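Down below is the structure, laid out as structure tokens.
The values are calculated or read from the model by the stated rules, or taken from the named source; none is laboratory data. None of these values were measured; they are calculated from a predicted model. Cβ placement follows ideal geometry from the backbone for every residue including glycine, while neighbour counts extend to all protein chains displayed. Remember, those area values only see protein heavy atoms, side chains included, never the ligands or the DNA or RNA. Shrake-Rupley method; radii C 1.70, N 1.55, O 1.52, S 1.80 Å.
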Amino acid sequence: MNDEYSKRIEAQDLTKEPPTEEPDRQYYFMKKCREIVKKKSEELGRPLTCNLTSFGCQMNARDSEKLCGVLEKAGYELTDSEEEADFIVYNTCTVRDNADQRVYGRLGHLNSLKKQKPHLKIALCGCMMQEPGVIEKLQKSYRFVDLIFGTHNLFRFAQLLSAMLASEDMIVDIWEKTDEIVEELPVKRKYFYKSGVNIMFGCDNFCSYCIVPYVRGRERSREPEEILCEIEKLVEDGVIEIMLLGQNVNSYGKNLEHPISFAELLRRVEKIEGLRRIRFMTSHPKDLSDELIEVMQHSTKICRHLHLPLQAGSNRILQAMNRRYTKETYLALVERIRHAIPDMAITTDIIVGFPGETPADVEETIDVVRKVQFDNAFTFIYSPRTGTPAAAMENQVPPESVHESFDKLLLEVQKTAKSRAALLEGKVMEALVEGVNEQDPAFVTGRLGNNMLVHFRADRRLIGKTVMVVLDTCHGFYYTGRMVDWTSQTGHTRLGKMVDNQWLN
Ligand code: 5AD
Ligand code: SF4
């Protein structure tokens with residue numbers, strides 16, 4: 001209990017009214033939760049446990065780390081087992097209908113768990129909770145859920161948790177929007193060596209298929225000083241790789257009182273000593289500036305990986321999607337990036353089956369895939385989202401009829417990704433060791449700057465460190481390799497010696 005967050009909790013006086021200022025108000029409620037949780041665990045004779053599942057994107061994963069931060073401070077022990085938990089939290093996604101269906105499916109199972117264990121508490125939060133109609137459905141058919149909140153009031157989790165612990169009724173608190181960004185709340189990171197960092201929240205792009213602006217609200221950037229301070233603290237705490245997170249990072253800072261470009265933010269982040277790798281997500285092609293390309297080109301820390309969602313290759317469809325670029329401008333942008341930074345890996349997202357899309361339109365997309373040679377692409381079948389302009393378009397395409405085009409696109413994507421990956425076979429690259437290999441504990445898995453994975457024999461004590469690896473064999477979407485003597489490249493202490501593929505200490 002001697003970290004900064006715990007000190008703030010300790011400083012709260014529960015005999016007084018809760019503070020009105022954030023984040024102190026939340027620290028007050030964390031202390032309150034802590035007392036209730038302590039009492040309940042004394043009754044049970046064991047610690048109360050909590051299991052959290054995060055659905056969706058990196059942004060949600062980061063939110064989940066914030067939720068876990070509060071849960072831990074509230075006195076819960078985090079467990080991987082849903083069956084054993086006293087409290088289950090789902091941080092939901094709603095980007096496509098199948099994300100919603102997955103949650104409804106799992107709720108059925110939670111209902112039977114709760115019948116066996118009546119003291120079990122269940123909370124739902126995140127993007128799906130902001131979607132029209134969902135709350136009504138949950139209130140009607142899923143009465144066993146104890147707490148429901150959305151994306152805008154996530155910072156109030158401690159307060160909501162304390163209300164839930166003191167009540168037997170379903171608590172629902174959904175905000176339509178917020179302008180508030182509450183800083184300095186506890187976070188429990190999943191990885192000690194890497195972390196996401198929110199630089200902005202929400203989205204103002206209104207791509208016609210996308211529900212995100214409705215569920216995450218208007219675009220709000222954090223102050224650069226807050227971001228830099230957070231990263232400095234993370235680095236002090238052992239983090240060497242950060243992922244700057246935003247729905248549209250390229251428009252970062254435009255609406256701040258003292259506007260600053262994303263490229264300028266990157267320049268400042270680059271200067272943080274001890275930070276080794278910088279990633280960011282997601283870039284909108286319409287806002288990717290030449291200034292940003294220049295910063296990436298001269299950076300020694302920004303990873304050679306750019307996720308640049310294409311969505312479609314047909315100009316007619318791009319226009320209907322409200323993407324505000326054309327096939328030609330997208331291709332020209334990729335050309336500028338690859339000219340400046342030839343080793344830049346480019347990945348993308350593609351949607352098939354948007355209203356009015358024909359097989360000829362998908363051919364245009366395939367043409368872009370061939371021309372760009374994406375290093376990887378996530379392909380999705382269009383899913384109508386209630387409330388978005390595209391869902392109301394008349395020319396909806398039945399999902400059954402897009403499978404042929406979808407499969408054709410997927411084949412092309414796999415082909416180009418494989419041929420891009422093969423180009424690196426035999427090369428020596430830096431990998432950040434992320435964990436022990438799932439199949440063989442004598443191996444570890446490392447992530448390359450281009451976001452691909454390499455498996456190689458090494459000591460698990462290297463987790464969280466960067467090492468140089470020869471990419472011996474390309475297996476399509478990952479490599480197997482060998483660690484090389486990396487003392488000279490990194491200046492780190494040498495841990496041992498590689499002999500016959502074995503790392504000796
Ligand atoms: N249907 C299918 N895919 C979608 N995406 C966003 N909205 C939809 C939708 N309604 C995809 C986009 C986006 C990725 C995160 O999800 O490709 O880039
Ligand atoms: Fe992330 Fe979008 Fe899913 Fe929300 S709806 S979790 S922002 S992908």
Query raised in the report: Volume per residue, Å³, of the convex hull around the alpha-carbon atoms of segment 60-103?
Result: 78
**Report entry** FRET efficiency, Asn395 to Asp349 (Cβ-Cβ, R0 25 Å, nearest 0.05)
**Finding:** 0.70
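When you have a sec, figure out the Kirkwood radius of segment 32-148 from all distinct Cα pair distances and drop it here in Å to one decimal?
14.8
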Requested in this report: Any cysteines in the chain with zero other Cys Cβ atoms under 4.7 Å from their Cβ? List them, or say none.
Outcome: Cys33, Cys50, Cys57, Cys68, Cys93, Cys125, Cys127, Cys203, Cys229, Cys303, Cys474
Requested in this report: Please quote Rg/Rh for segment 201-251 to two decimal places, taking the Kirkwood radius as Rh and restricting both calculations to Cα atoms.
Outcome: 1.10
Report summary line: Given a Förster distance of 22 Å, the FRET efficiency implied by the Cβ-Cβ spacing of Glu136 and Arg106, rounded to the nearest 0.05, works out to 0.65
Query raised in the report: What residues qualify as long-range amide H neighbours of Gly56, i.e. H under 5 Å apart, gap of 5 or more or another chain, H built at 1.01 Å from N?
Result: none
Report task. Rounding to the nearest 20 debye, state how big the charge dipole of the chain is about its Cα centre with +1 on each Lys and Arg Cβ and -1 on each Asp and Glu Cβ. Result -> 740
Query - Lys/Arg +1, Asp/Glu -1 at C-beta; the chain dipole; positive extreme among Leu244, Val334, Val467 - result: Val467
Requested in this report: Give me the percent of the accessible area of segment 198-291 that comes from carbon and sulfur atoms, probe 1.4 Å, all protein chains in place.
Outcome: 50
Query - Under the Karplus curve 6.51 cos²θ - 1.76 cosθ + 1.60, θ = phi - 60°, whole-Hz ³J(HN,Hα) for segment 131-141, x wherever Gly or Pro sits - result: 7, x, x, 5, 4, 4, 4, 5, 5, 7, 10
Query raised in the report: For the chain, what log10 I(q)/I(0) values come out of the Debye formula at q = 0.10 1/Å, with one point per alpha carbon and no solvent?
Result: -0.89
Query raised in the report: For segment 341-356, what does the Karplus curve 6.51 cos²θ - 1.76 cosθ + 1.60, with θ = phi - 60°, yield as ³J(HN,Hα) per residue in whole Hz, taken in order and with x for Gly and Pro?
Result: 9, x, 8, 6, 7, 10, 10, 8, 10, 9, 10, 10, x, 4, x, x
**Report entry** Reachable lysines, given that their alpha-carbon falls under 19 Å from the alpha-carbon of Lys190 and they are not under 8 places away in the same chain
**Finding:** Lys66, Lys73, Lys233, Lys465
Report task. In Å and from the alpha-carbon atoms only, list the Rg and Dmax of segment 347-482. Result -> 19.3, 58
Report summary line: Row for segment 67-219, column shape: gyration tensor on C-alpha, a ≥ b ≥ c, rounded if a/c < 1.5 i.e. under 1.5, prolate if a/b over b/c, else oblate; value oblate
Query raised in the report: Per residue and in Å³, how big is the convex hull formed by the alpha-carbon atoms of segment 174-237?
Result: 124
Report task. With a 1.4 Å probe and every protein chain kept in, tell me what percent of the accessible surface of segment 113-192 is carbon plus sulfur. Result -> 48
Query raised in the report: Can you tell me the accessible area per residue over the chain, all protein chains present, probe 1.4 angstrom, in square angstrom?
Result: 45
Requested in this report: For segment 386-444, just list the percent of Cα-Cα distances falling in each 10 Å bin from zero outward, please.
Outcome: 15, 20, 27, 19, 18, 2
Query raised in the report: Given H placed on each backbone N at 1.01 Å, which residues far from Met200 in sequence or on other chains put an amide H within less than 5 Å of it?
Result: Arg222, Leu245
Report summary line: Full extension between Ala166 and Ile260 adds, at 0.36 nm per residue less the Cα distance, a length in nm of 29.4 nm
Query raised in the report: With Cβ to Cβ distances under 14 Å as the rule, what net charge do the other residues near Ala320 carry (K, R +1; D, E -1)?
Result: 0
Query raised in the report: Under the classification rounded if a/c is under 1.5, otherwise prolate if a/b is larger than b/c and oblate if not, where does segment 28-101 fall, given a ≥ b ≥ c as square roots of the Cα gyration tensor eigenvalues?
Result: prolate
Query raised in the report: Whose amide H sits under 5 Å from the amide H of Thr348, counting only residues 5 or more places off or on another chain, with H placed in the peptide plane?
Result: Leu308, Asn376, Ala377, Phe378
Query raised in the report: PRE reach from Arg143 (point 7 Å along Cα→Cβ): which of segment 84-121 fall under 19 Å by backbone N?
Result: 107-121
Requested in this report: Just add up the charged neighbours of Ile88: K/R +1, D/E -1, any other residue whose Cβ is under 13 Å from the Cβ of Ile88.
Outcome: -2
**Report entry** Rg to Rh, two decimals, where segment 262-310 supplies the alpha carbon set and Rh follows Kirkwood
**Finding:** 0.95
Requested in this report: Would you mind telling me the share, in percent, of accessible area of segment 379-427 contributed by carbon and sulfur at probe 1.4 angstrom?
Outcome: 59
Requested in this report: For segment 87-134, state what percent of all Cα-Cα pairs lands in each successive 10 Å bin, counting from 0 Å until the bin that includes the largest distance.
Outcome: 25, 52, 22, 1
Query raised in the report: How many nm is it between the label spots at Ser81 and Glu335, if each spot is 7 Å from the Cα in line with the beta carbon?
Result: 6.0
Query raised in the report: Short version: ³J(HN,Hα) in whole Hz for each residue of segment 148-165, in order, from phi by Karplus 6.51 cos²θ - 1.76 cosθ + 1.60 (θ = phi - 60°), x for Gly and Pro, what are they?
Result: 10, 9, x, 7, 6, 10, 4, 5, 8, 3, 4, 5, 5, 4, 5, 5, 4, 5
Query - segment 216-298 - Debye-derived log10 I(q)/I(0), Cα point model, q = 0.21 Å⁻¹ - result: -1.04
Query - Proximal charge balance of Asn51 [Cβ under 12 Å; K/R count +1, D/E count -1] - result: -4
